[in-house]
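First comes the structure, then the notes that go with it.
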Amino acid sequence: MAFNVEVPDLSQERVGNVGLPGVWHFDSGKPGPSVLITALVHGNELCGAWALKELLAHGVDVQNGKLTLMFCNLAAFDTFDISKHDASRFVDIDFNRVWTEARLGNTSLVETQRAAALRPWVEQADYLLDIHSMHEPAPPVLVVGTLPRNIELGVEAGIAEYVIVDPGHPDGVRMRDFAQFGEPSGDARALLIECGYHGDLSSIDIARFAVQRILALSGIMDTDRLPAQWLEQQRQPVAQPTVLTVTEPVVAASMDFTFTEPWQGMEMIKQQGTVIGHNNGQPVTTPYDNCTLVMPSLRQLIPGVTVVRLARTELAQND
Ligand SMILES: [Zn+2]
């Protein structure tokens, strides 16, 4: 699979303006929400870094509220090698699985240290847009967690054709589910966008569009303040995204996991009981009709990792 996204030079961006590498904060001085946009939560996911780099280069002109831009896992990014890009996802532990008190208190790992340093900037936000890309070529998906306010925002944002309602992963808590973002009674909102394959140039377009939408929906910056080249495509929000609810993850029991077909993602398997893979010698079957495969991949295979998630449409859930 060709990797067509160039590695961005982040020598200027990593300086930051709050005394922390890669963190930029802008305050309009006027009332309004505090919006946080994050890139490089995974060191090999470059599209968000490109979008934030372009926005910073253009000049950030916040009209209401506050905006924080964060290049998260710079240590992992610094190990990026295009010939083995999967290896730079993280250094010690997945940065997007460390958002619990216990893990944030661990000072011995690169990612837990970094997450603890970034924590105040995460906790001050009313909106989070967390920009990611995917191991395999597949349509972009917006990952919204399980809270109704985030599902609503994801549908309204129309950034991607698919909105994935999911409880996260068994091996740790994501930034998008941390603190105020996971609080059932609160009003802080978080979206995670998976912009397509890591090396696909279109992932940068989706990242730009996601930034544009969160700035517009939060009301802190008008579209005309964005880089001109972002607006040339005149991309329109998806009018009615398909909402898919993840019912279960498939977690690798050992290194002995195979798929029966080279699944790319978003395939809908018609028949309940279809064998889609083998997990440590046991067949993995679809638990219901019209089961959608969300982000199947064996590229980060280790025991305990989620290799695919199974989802059903809202409609199917009602029957
Ligand atoms: Zn990611």
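The table below gives the values:
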| read-out | value |
| --- | --- |
| Kirkwood hydrodynamic radius of the chain, Cα pairs, Å | 19.9 Å |
| Kirkwood Rh, angstrom, the stretch 246-317 [1 / mean 1/r, Cα pairs] | 12.1 Å |
| Summed residue charge, Cβ within 11 Å of residue 116's Cβ, Lys/Arg positive, Asp/Glu negative | +1 |
| Principal axes of the stretch 1-151: Cα extent on each, largest first, Å | 46, 38, 35 |
| Rough spin-label spacing in nm, given labels placed 7 Å along Cα→Cβ, for residue 161 and residue 82 | 2.8 nm |
| Residue among 108, 188, 302 farthest towards the positive dipole end of the chain, charges placed on Cβ | 108 |
| Excluding exposed DSSP-loop trypsin sites (Lys or Arg not before Pro) (at most 14 other C-beta within 10 Å), longest clean stretch of the chain | 1-269 |
| Size of electric dipole in the stretch 44-157: Cβ of Lys, Arg +1 and of Asp, Glu -1, about Cα centre, debye, nearest 20 | 200 debye |
| Sum of -39500 (n - 2.57) over DSSP H runs of 4+, divided by residues of the chain (222 nm, nearest 500) | -6000 deg cm²/dmol |
| Label-point separation in nm, residue 231 to residue 146, each point 7 Å along Cα→Cβ | 4.2 nm |
| Accessible solvent surface per residue of the stretch 111-236, calculated while the other protein chains remain in place, 1.4 angstrom probe, Å² | 35 Å² |
| Antiparallel %, DSSP beta bridges [both residues in the chain], to 5 | 50 percent |
| Efficiency of FRET from Cβ geometry, residue 278 and residue 20, R₀ 45 Å, rounded to 0.05 | 0.50 |
| Under-5 Å amide H pairs with residue 36, H placed in peptide plane, nonlocal only | 68, 126, 127, 128, 129 |
| Gaussian network model of the chain, springs between alpha carbon atoms under 10 Å - residue of 278, 198, 42 with greatest fluctuation | 278 |
| Between the stretch 241-303 and the stretch 158-197, the alpha-carbon center distance in angstrom | 21 Å |
| For the stretch 21-35, Karplus couplings with θ = phi - 60° (6.51, -1.76, 1.60), whole Hz, Gly/Pro x | x, x, 10, 10, 10, 10, 10, 6, x, 10, x, x, x, 9, 10 |
| Cα-centred dipole magnitude for the chain, charges only on beta-carbon of K, R (+1) and D, E (-1), debye, nearest 20 | 340 debye |
| Surface per residue (accessible, 1.4 Å probe) for the stretch 246-317, Å² | 49 Å² |
| Total formal charge among the other residues, if their Cβ is under 11 angstrom from that of residue 203, Lys/Arg +1 and Asp/Glu -1 | -3 |
| Net charge, residue 192 excluded, C-beta distance under 15 Å - Lys, Arg +1, Asp, Glu -1 | +1 |
| Under 28 Å from residue 30, Cα to Cα: lysines that are on another chain or at least 8 residues apart | 53, 66 |
| In Hz, Karplus ³J(HN,Hα) per residue of the stretch 292-305 (6.51, -1.76, 1.60; θ = phi - 60°; x = Gly, Pro) | 9, 8, 9, 6, x, 6, 10, 6, 10, 4, 9, x, x, 8 |
| At most 13 other Cβ within 10 Å, DSSP loop - chymotrypsin sites (Phe, Trp or Tyr not before Pro), the stretch 100-208 | none |
| Cβ-Cβ FRET estimate between residue 224 and residue 7, R0 fixed at 25 Å, reported to 0.05 | 0.25 |
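The values are calculated or read from the model by the stated rules, or taken from the named source; none is laboratory data. Predicted, not measured: the structure shown is a model, and the values here were computed from it. Glycine gets a Cβ as well: all are built from the backbone with ideal geometry, and neighbour counts include every protein chain shown. Heads up: the accessible areas ignore ligands, DNA and RNA and are worked out on the full protein's heavy atoms, side chains in. Shrake-Rupley method; radii C 1.70, N 1.55, O 1.52, S 1.80 Å.
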